[in-house]
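Where a number appears in this text, it was derived from the coordinates with a stated rule and is not lab data. Predicted model only: the values in this text are computed from it and were never measured. Ideal geometry is used to build each Cβ from the backbone, glycine not excepted, and the neighbour counts take in all protein chains shown.
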Amino acid sequence: MTDKKTTSGYTDYSQRLGNCKAIRSGTTCTISVSKAATRTVGLALGASRSTITAGLNISNASTVSMSVSCSSPRLRAGQTYRAWPMGNRYSYRVWKTYSNTAGVVTVTKSTTQYAFSPAQNSITCG
């Protein structure tokens with residue numbers, strides 16, 4: 001693995017954990033999350049999930065349990081308040097070394113891959 005970068009405090013907006021919608025203006029709501037957020041790992045060049053997670057020094061488990069809540073400010077009628085998991089986002093490239101029978105070594109690098117590791121009980125609401 002090469003070109004590894006970490007972005008902490010990243011919100012994965014593709015995984016909505018909960019939402020509420022105000023019917024009347026001035027309404028507030030609380031989103032209570034008690035579910036699992038998914039740890040995503042990009043793979044390339046035949047690398048396994050366990051190899052990538054070890055290289056990133058994160059758990060190989062596919063989910064992280066969440067049990068947390070957040071409360072909205074006063075909402076306007078029709079406004080929606082949502083919750084998403086927050087954690088670390090990793091970017092990296094996978095490399096693989098090939099050698100042929102003549103002993104010629106070729107190194108191939110993948111395109112940039114991404115992984116997201118949710119922090120337990122850490123969400124973004126808005």
Exercise for review: Rounded to the nearest 0.05, what FRET efficiency do ARG93 and ARG16 give with R0 = 22 Å and r taken as the Cβ-Cβ distance? Could you check?
Suggested key: 0.15
Point to revise | Cα→Cβ-extended label distance, 7 Å offset, between THR38 and SER25, nm | key: 3.9
Point to revise | Set of lysines with alpha-carbon distance to LYS96 below 28 Å, sequence-local pairs under 8 removed | key: LYS4, LYS5, LYS109
Practice item. Would you work out the charge dipole size for segment 2-82 about its Cα centre, treating the Cβ of every Lys and Arg as +1 and the Cβ of every Asp and Glu as -1, and quote it to the nearest 20 debye? Key: 360
Review point. Which value, in Å³ per residue, describes the convex hull spanned by the Cα atoms of segment 61-126?
Key: 127
**Study point:** Computed helical MRE - 222 nm, the chain, DSSP H runs ≥ 4 contributing -39500 (n - 2.57), nearest 500
**Key:** -1500 deg cm²/dmol
Revision key, fill the gap. For segment 110-115, in residue order, the Karplus 3J(HN,Hα) values (coefficients 6.51, -1.76, 1.60; θ = phi - 60°; whole Hz; Gly and Pro = x) are 7, 5, 5, 10, 10, 9
Review point. ARG74 to TYR114: FRET efficiency via 1/(1 + (r/R0)^6), r the Cβ-Cβ distance, R0 41 Å, to the nearest 0.05?
Key: 0.70
Check your understanding: Considering only SER69, PHE116, GLY46, whose Cα is most displaced toward the positive end of the charge dipole of segment 10-126, charges sitting on Cβ of Lys, Arg (+1) and Asp, Glu (-1)?
Key -> SER69
Check your understanding: Quick one: Karplus J couplings for segment 61-72, per residue in order, coefficients 6.51, -1.76, 1.60, θ = phi - 60°, nearest Hz, x for Gly and Pro?
Key -> 4, 7, 9, 10, 6, 10, 8, 7, 9, 8, 10, 7
Point to revise | Zero-based 10 Å bins, Cα pair distances in the chain, whole percents | key: 13, 33, 24, 15, 9, 4, 2, 0
Study note, to complete from the structure: If the label point sits 7 Å along Cα→Cβ of MET1, residues of segment 79-93 with amide N under 15 Å come out as 88-93
Study note, to complete from the structure: Which residues qualify? For THR40, with a placed amide H closer than 5 Å and at least 5 residues away or on another chain, they are PHE116
Check your understanding: Could you give the distance between the Cα centres of segment 108-122 and segment 54-81, to the whole Å?
Key -> 16
Practice item. Specify the residue with the greatest mean-square fluctuation among GLY103, GLY87, GLY26, computed from a Gaussian network of the chain linking alpha-carbon atoms under 10 Å apart. Key: GLY103
Exercise for review: Only Lys, Arg, Asp and Glu count, each charged at its Cβ (+1, +1, -1, -1), so figure out the dipole size of segment 24-126 about its Cα centre, rounded to 20 debye.
Suggested key: 300
Practice item. Show me 16-22, 75-81 ranked by packing, highest mean number of other Cβ atoms within 10 Å first. Key: 16-22, 75-81
